[in-house]
Every structure is written in C-alpha cells, then in structure tokens.
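Report on one structure; see the data block that follows.
None of the figures in this text is laboratory data; all of them are computed from the coordinates on show. Remember, predicted model here, so these are calculated numbers, not experimental data. Counting neighbours? That spans all protein chains shown, and the Cβs are built from the backbone with ideal geometry, glycine included.
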Amino acid sequence: MKLIRTTTVPQTLNTFCKGLLKELKHEGYEVVSVSSPGEELDELADSEGVRTIALPMERRISPFKDMKSLWQMWRLMHREKPDMVHSMTPKAGMITMVAAWLARVPIRIHTFTGLVFPTSTGLKRRILMFTDWLTCACATHIIPEGEGVKADLLNNKITKKDIRVLGYGNIRGIDLEHFKPMSHLTPLEEGGFSFVFVGRLVGDKGINELVSAFSRLNNEHPATRLVLVGPEEEKLDPIKPETAAEIKSNPAIEAVGRQNDVRPFYSAADALVFPSYREGFPNVVIEAGAMGLPSIVTDINGSREIIIEGENGTIVPSKDAEALYQAMKRFVENPDEVKRMAANARPLIASRYEQTYVRQCLKDFYKECLLSSHG
C-alpha cells in the first residue's frame, strides 16, 4: 500500500514522524514524504529510508502561490497514485486534501494538530474557517488532536463528519527512555526557584504575559529564574518591544534560543510554565511531565487534557498576566506542594502518552481505513 504523508514544512515531518515512517516501511507500506524543500527533508530521507518529494508551500495565506502548490500537488497525486494520503498542518492539509480529492485518492486523512481560527477575528477568521471546512469536505477521515480540537470543529460547524480522537489525543507520543528525570543540573541558591518555557518566543505563546508576570515575581523573590528556550520570530507574531527589552535587561531571565536537546533545560528547572493562547496538543507539556516537572498551563485545548488541576500542575486563564503571576507565586512559596505534583507528573504521562502506544493507535486506524476501503 502506498502512503503519502504531507506537511507544509519539513521540520514538522521530522518532529512528528521521526521513527514512525521507518516503522511503517518495515510493516509493508511504501511511504512517500512530501513537504517544502529544505535540509530537514533530505535528513528525513536518510534517517527514515523513505522517498521524499520537495513541493513548495507557503505557511501564510498566499492565493497565487497556493494555487501553484495545489496544481503541483494534483500532478504529484496523479503520478504517484497512492492508496492513502495523510496530511498535517493547515496549508498542507488544504492543498493535499483538495488535490487528493481531485485525483480520486481512495483514503484521504487529515490531522488537525491545532486550530488558528478560534483566536482570530474578522476576515482572517472567516478565511481560516473556510479553509478548514474545505479541508474537511475533501477528506474521508479526520483526526483531531484532542477532545478540545474535536469540540471546536463540531461546535463551529466546520464539519459534520464522524471524527475520532485516537488514544488519549496526542499524536506524537513520548519516548520515555529519552525523556526521563535527571539530577538537577544547576544548584539553586537557598529559596531559589527556576521556571522554564520551551517554544517559539511569540505573542501567541503568551510570552508577553509570562515576562510581565515573572518580572513582578522576581522583584518579590530575587532568587527566581526564568529560562526561555526557543527562537524569536520577528515576522510572525513578534513579542512587544517592551517584552524584548525586559528579556535583554533582566539578569534573572535567560533566553537561550533554539536548542537541539531541551532535556538539560528541563532538568535545570523546577517547573514548566506554558502560557500559550492556543495549541492542538502541546508536546512540551508532555516532555516536561515525563521528566518529572509539574506545569503551569493556560486553559486551552490540549493543555487542559494533559494537566489535572492540583495533581501534576495547575491551569490558569489564557492571556491573564495576573493569574499567571499568582500561580507562579504559589509554586515558589509552596515547595512541598510542587514536590507532590512533580512526583505525579511522570506516572500520569507514562500511562497515557507512551510513544509505542500512540503509534499503535495510528497503525490500527490505518488498517481500519484500508479494510473499510476494500470492503
């Protein structure tokens, strides 16, 4: 059976499908990976042993370039004649599902890892809702990453199709041998407490609120530290100038940029703080939990499914710097409570998101789709 997996950029394929594509190949699938050109796509071909095809796709709304990508994707589908296509990410999803529908590919699967329209307004929101509707209309099967994404799709009438969450929602899974507790790498001064954030340093990730809340906390508790792990994106949703200035001027805040291995930063922290505005199912929260960290997260899709209030972390309203400050203050001033939540973190993650289990859920789904198609 020929399977084509598509994403808008190759980094997503490397992040979500590393190891999986090789497993599918060994189980008898002919796997082809399609994404925009880049070194990561070449690396994927080498590491997974699968064929890759570079097809330029824009992440932003770009009507003329999108039509060109759609034409190229249709030609690719017509040439390759796959039995099944499976797309992720918004732009690749729309282009792949429409092209696969036009090419009459029998099984067309799209995974929604997160929705942009719920936090958008005006014309942009209408365009995003339409593209999600179009993606669903052309797909034969839809996988929402988590119950929150599923509810948003149904409640906003994006689709009326029967859509299913696989397993406990997460589609990547966690390698528990790779992400496991390590000794605290950085000795803290007495009364010290270290927070870590992992992700892009952009407005939608709640960085403005996080820096504001932490700066206030640090004035009261000078031994606190905040480490920001991830790249800045000045073109896509940049942080406020005053936030950027505070990061550079406050010695208690350390921005270390993008890191190939984030485990040392989890190990050097006492808690994860992840105040994002929107997610599908944030792997960062799962990784931190697997390494024994409790988390402070916002009340959004995915995060609220991973964190059980008071058990392995706490949940605060999104876009609320005051609530974030109060939660961080509670963590600093209640070390015994934090230790209790830390002890619960890894067992809870292991019971729901272990990678072999998550991948088996997807493999079983593929087999079910193929059986239904041939039946």
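Is the shape of region 246-323 best called rounded, prolate or oblate, per the rule: a/c under 1.5 gives rounded, else a/b larger than b/c gives prolate, else oblate, with a ≥ b ≥ c the square roots of the Cα gyration tensor eigenvalues?
Verdict is oblate for region 246-323.
Under the rule a/c < 1.5 gives rounded, and otherwise a/b versus b/c splits prolate from oblate, where does region 1-139 land using the Cα gyration tensor?
Cα axes put region 1-139 in the prolate bin.
For a Förster distance of 25 Å, can you work out the FRET efficiency between the beta-carbons of LEU154 and SER373, rounded to the nearest 0.05? Don't jump to the answer; show the numbers that get you there.
Numbers: r = 24 Å, r/R0 = 0.97.
In this case the efficiency is close to 0.55.
Sequence-distant or interchain residues sharing an amide H contact under 5 Å with GLY292, placed H: which?
When sequence neighbours closer than 5 places are left aside, the close amide H contacts are ARG346.
Among PRO275, GLY199, ALA350, pick out the residue whose Cα is farthest towards the positive end of the charge dipole of region 193-353, where Lys and Arg carry +1 and Asp and Glu carry -1 on C-beta, about the Cα centre.
Of the candidates, ALA350 comes out farthest on the positive side.
Calculate for the chain the 222 nm mean residue ellipticity that helices alone would give, adding -39,500 (n - 2.57) per DSSP H run of length 4 or more and normalising by residue count, nearest 500 deg cm²/dmol.
Details: 15 runs with 174 residues, N = 375.
After summing the helix terms and dividing by the residues of the chain, the value is -14500 deg cm²/dmol.
Compute, for the chain, the length of the dipole vector about the Cα centre, with Cβ point charges of +1 (Lys, Arg) and -1 (Asp, Glu) only. Units Debye, rounded to 20.
So the dipole magnitude of the chain works out to roughly 1660 debye.
Would you mind counting up the charge near PHE274? Only other residues with Cβ under 11 Å from its Cβ, with Lys and Arg at +1 and Asp and Glu at -1.
In short, -1.
Indicate the gyration tensor shape class of region 263-375 (rounded, prolate or oblate), computed on the Cα atoms with a ≥ b ≥ c the square roots of the eigenvalues: a/c under 1.5 is rounded; otherwise a/b larger than b/c is prolate and the rest oblate.
The shape class here is prolate.
Short version: ³J(HN,Hα) in whole Hz for each residue of region 154-164, in order, from phi by Karplus 6.51 cos²θ - 1.76 cosθ + 1.60 (θ = phi - 60°), x for Gly and Pro, what are they?
6, 5, 8, 6, 5, 8, 10, 6, 6, 10, 10
When only Cα pairs under 8 Å and 6 or more residues apart are kept, what is the percent relative contact order across region 193-353?
For region 193-353, the relative contact order is 24 percent.
Report, in debye and to the nearest 20, how large the dipole of region 193-353 comes out about its Cα centre when Lys and Arg carry +1 and Asp and Glu carry -1 on their Cβ.
Details: 18 positive and 23 negative charges, 56 e Å.
In total the dipole reaches around 260 debye.
With unit charges on the beta carbon (Lys/Arg positive, Asp/Glu negative), name the residue among SER120, ASN260, LEU236 whose Cα is farthest towards the positive pole of the charge dipole of the chain.
SER120
Got a sec to turn the phi values of region 297-304 into Karplus ³J(HN,Hα) couplings, 6.51 cos²θ - 1.76 cosθ + 1.60 with θ = phi - 60°, whole Hz, x for Gly and Pro?
10, 8, 7, 10, 3, x, 4, 6
Have a look at GLY313, GLY19, GLY169 and tell me which one the Gaussian network model of the chain (Cα, springs below 10 Å) gives the largest fluctuation.
GLY19
Please find, in a Gaussian network model of the chain (springs between Cα atoms separated by less than 10 Å), the residue of PRO118, PRO294, PRO82 whose mean-square fluctuation is greatest.
Fluctuation is largest for PRO118.
Placing unit charges on C-beta atoms (Lys and Arg positive, Asp and Glu negative, everything else neutral), compute the dipole magnitude of region 19-59 about its Cα centre in debye, rounded to 20.
Working: 4 positive and 10 negative charges, 31 e Å.
Magnitude of the dipole: close to 140 debye.
Using the Karplus curve 6.51 cos²θ - 1.76 cosθ + 1.60 with θ = phi - 60°, work out ³J(HN,Hα) for each residue of region 122-137 in order, rounded to whole Hz, and write x for Gly and Pro.
x, 4, 4, 4, 5, 5, 5, 5, 5, 5, 5, 4, 5, 4, 5, 4
With a sphere of radius 15 Å drawn around the Cβ of GLU39, what net charge do the other residues whose Cβ falls strictly inside it have (Lys, Arg +1; Asp, Glu -1)?
Value of the local net charge: -3.
Normalising by the residue count of the chain, find the relative contact order in percent from Cα pairs under 8 Å and 6+ residues apart.
14
Pairs of lysines 8 or more apart, or on different chains, with alpha carbons under 30 Å: count those in region 236-375, would you?
Summing the qualifying lysine pairs gives 8.
Please identify, among TYR266, TYR29, TYR277, the residue showing maximal mean-square fluctuation in a Gaussian network model of the chain using a 10 angstrom Cα cutoff.
Fluctuation is largest for TYR29.
Percent relative contact order of region 8-139, based on C-alpha pairs within less than 8 angstrom and at least six residues apart? Each step should come with its number before you reach the end.
Values: 179 pairs, mean separation 24.8, N = 132.
Once normalised by length, the contact order is 19 percent.
Can you give the net charge of the other residues whose Cβ lies under 14 Å from the Cβ of SER183, counting K and R as +1 and D and E as -1?
+1
What do you get for the angle between helix 355-374 and the principal long axis of the chain? Use alpha-carbon atoms, 0 to 90 degrees, nearest ten.
Around 20 degrees separate the two axes.
Mind checking which lysines have their Cα closer than 17 Å to the Cα of LYS81? Skip sequence neighbours fewer than 8 apart in that chain.
Straight-line reach from LYS81, under 17 Å: LYS2.
Percentage of Cα-Cα pair distances in region 193-353 greater than 30 Å, rounded to whole percent?
Value for region 193-353: 7 percent of Cα pairs lie more than 30 Å apart.
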